[in-house]
1. Could you please give the count of residues in the range 101-122 that are in a helix (DSSP H, G or I), small (Gly, Ala, Ser) and free of Cβ contacts under 8 Å to residues at least 12 places away in the same chain?
2. Give me the pairs, please: first residue somewhere in the range 72-100 and assigned to a helix (DSSP H, G or I), second residue anywhere and of a type in the set (Gly, Ala, Ser), beta-carbon distance under 7 Å, and either six or more positions apart or on two chains.
Amino acid sequence: MAKVVWSAGIDSVSGALSKPSKNGQHSCAKMLLGTHRTAATTNPNCNRVFIRTKVTRSTPYSQEEKAAQNLFSRISKGVAARKQNIEQMLQDREAFLAQKDSPSGYKTFYQYLWHTVADSLN
């Protein structure tokens, strides 16, 4: 096992260090992913690097997957439209603040908007 000593100012690396491109331009064939965790083990600092080859889907999308993608798209567009409307935004902000501290309330404004739009579509 190799030991990595980070340069001054770099304590850890976490996330995708390189990703395969979707359109093929300047693409890597593999994804380089770094993770960092502090674990209660003999070695408290754990940095790992993984290499993942590009994966292509072998099966077509099912009807349930297409429906879920369509619903996600509709909700996302609805949230974006609500965020553009100033009057609606003020009303949403007041309603969000009124419900935020309740036990079943949504804790973030975006979460509140997402569920509000989703409920209006159903």
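Throughout, read-outs are computed from the coordinates displayed, never taken from laboratory work. Since we're looking at a predicted model, the values are computed, not measured. We place every Cβ from the backbone using ideal geometry, glycine too, and count neighbours over all the protein chains shown.
1. Here is the first cut: in the range 101-122, the ones in a helix (DSSP H, G or I) are 109-121.
Those still in the list that are small (Gly, Ala, Ser) too: 118, 120.
From the residues that got through so far, the ones that are free of Cβ contacts under 8 Å to residues at least 12 places away in the same chain too are none.
The number of residues fulfilling the criteria is 0.
2. Ile75/Ala118; Gln99/Gly105
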